[in-house]
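What follows is a set of notes on a single structure, which appears directly below.
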Amino acid sequence: MRENDLLDPGQPWYRIRKSSGLTRQVTRVFYQLMKIAVIGASGTIGKAITLLLRKQGHEVVEGSRSTQPPIDIDQPGSIDKFYEETGPIDAVVCAAGNAAFGALDSLTDDQFQLCINSKLMGQINLVRKGLSRLNPGGAFILTGGIFAYKPWPQTSAIAMVNAGLEGFVKAAALDLEAKFRLLIVHPPLVKETATQMKMDDSPWPAAAQVAEVYAAAVTGNETGKPVFLNGYNP
Ligand SMILES: NC(=O)c1ccc[n+]([C@@H]2O[C@H](COP(=O)([O-])OP(=O)(O)OC[C@H]3O[C@@H](n4cnc5c(N)ncnc54)[C@H](OP(=O)(O)O)[C@@H]3O)[C@@H](O)[C@H]2O)c1
């Protein structure tokens, strides 16, 4: 039996759960199913994470600038409002954050600032502001990217943010001790994105494969470290 068989009306286990009077809430606690906010849920990676977590039986609250409730991680006040509206949650997965590509001599002050305000501080603020919102034992899963380890030309601003996020995760996890877990996933280029960029997409994993890494990070017990997709380690 899989956990989500209990929540799927098409499965016999669902009828057994119903007839034994177990509420959805009790089922969730018993099978450690969580309420998880996925920020960037409509994006290439976020959509795949949302789909997988729901398949596994978790309740997912989708977050982006166009969801209800909305969240703009570039705006600290918007993060507060989002947490107020979602109520207590068990985990936050962030697959959002803007950053700029460009050669070092062409990147502008505004582009560097965008990277800092959005992908870097946006995710750090999700953690800072979530400390009083997440249920004890909860997890924050952030997104960096492999450019922190294996940069390409024109990725200096992105690599800066990804490496900075990893430093934050390693150090902040020490302060969080056993109360919350904190991890950073460094995805490689994703197949769907390579296709969009008209690049050869054959070396890259599909977003669905990347989502497996996020789901394992949410439900596992590691903290304070970077996480990579198998075969795409630095
Ligand atoms: N795709 C890749 O190959 C790849 C590889 C390595 C790392 N990454 C990293 O993974 C993350 C997600 O990438 P992706 O390609 O999946 O992105 P994407 O397809 O462009 O989707 C971005 C998602 O984030 C939301 N979003 C954008 N700005 C936001 C903000 N300020 N506040 C809240 N939500 C916001 C978008 O929805 P709205 O526009 O409606 O807000 C959308 O749901 C990025 O940090 C990226 O650097 C991506």
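Where a number appears in this text, it was derived from the coordinates with a stated rule and is not lab data. Everything quoted here is computed from the prediction, not taken from an experiment. Heads up, the Cβs are rebuilt from the backbone with ideal geometry, glycines too, and the neighbour counts pull from every protein chain shown.
Report the Stokes-Einstein translational diffusion coefficient (µm² s⁻¹, integer) for the chain, Rh taken as the Kirkwood radius over Cα pairs, at 20 °C with viscosity 1.002 mPa s.
Details: Rh = 18.4 Å.
Here the translational diffusion coefficient equals 116 µm²/s.
Local charge for P70 was computed over the other residues whose Cβ lies under 13 Å away, with Lys and Arg +1 and Asp and Glu -1, and equals -4.
Suppose every Lys and Arg Cβ carries +1 and every Asp and Glu Cβ carries -1, with no other charges. What dipole size does the chain come out with about its Cα centre, to the nearest 20 debye?
It comes to approximately 800 debye.
Backbone geometry of the stretch 151-157 corresponds, through the Karplus equation with coefficients 6.51, -1.76 and 1.60 at θ = phi - 60°, to 3J(HN,Hα) couplings of x, 9, x, 6, 10, 4, 5 Hz, x marking Gly and Pro. Over the residues of the chain, the helix contribution to mean residue ellipticity at 222 nm works out to -12000 deg cm²/dmol, using -39500 (n - 2.57) for each DSSP H run of at least 4. The loop-placed GluC sites (Glu not before Pro) in the stretch 131-234, going by DSSP, that have at most 15 neighbouring Cβ atoms within 10 Å of their Cβ come out as E177, E222. Principal-axis analysis of the Cα atoms of the chain puts helix 44-55 at an angle of about 10° to the longest axis.
The angle between the Cα long axis of helix 207-219 and the main principal axis of the chain comes to about 60°, on a 0 to 90 degree scale.
Can you check what the net charge comes to around I116, using other residues whose Cβ is under 13 Å from the Cβ of I116 (Lys, Arg +1; Asp, Glu -1)?
Details: positive: K119; negative: D74, D109, D110.
Net charge around I116: -2.
Antiparallel as a % of all DSSP beta bridges within the chain, to the nearest 5? Could the numbers behind the result be given before it?
Numbers: 0 of 21 bridges.
In the chain, DSSP labels about 0 percent of beta bridges as antiparallel.
Expressed in nm to one decimal, what extension gain is obtained for the pair W152 and D105 from 0.36 nm per residue of sequence separation less their Cα-Cα distance? Between W152 and D105, full extension yields an extra 15.4 nm. Volume per residue for the stretch 49-162 equals 116 cubic angstrom (convex hull of Cα atoms).
If you take the alpha carbon atoms of the stretch 133-204 and fit the smallest convex hull around them, that volume is 116 Å³ per residue. The alpha-carbon of K47 sits under 13 angstrom from the alpha-carbons of these aspartates and glutamates, leaving out residues fewer than 8 places away in its chain: E62, E192, E212. Sorting the segments 114-121, 88-95 by their mean number of nearby beta carbons within 10 angstrom, highest to lowest, gives 88-95, 114-121.
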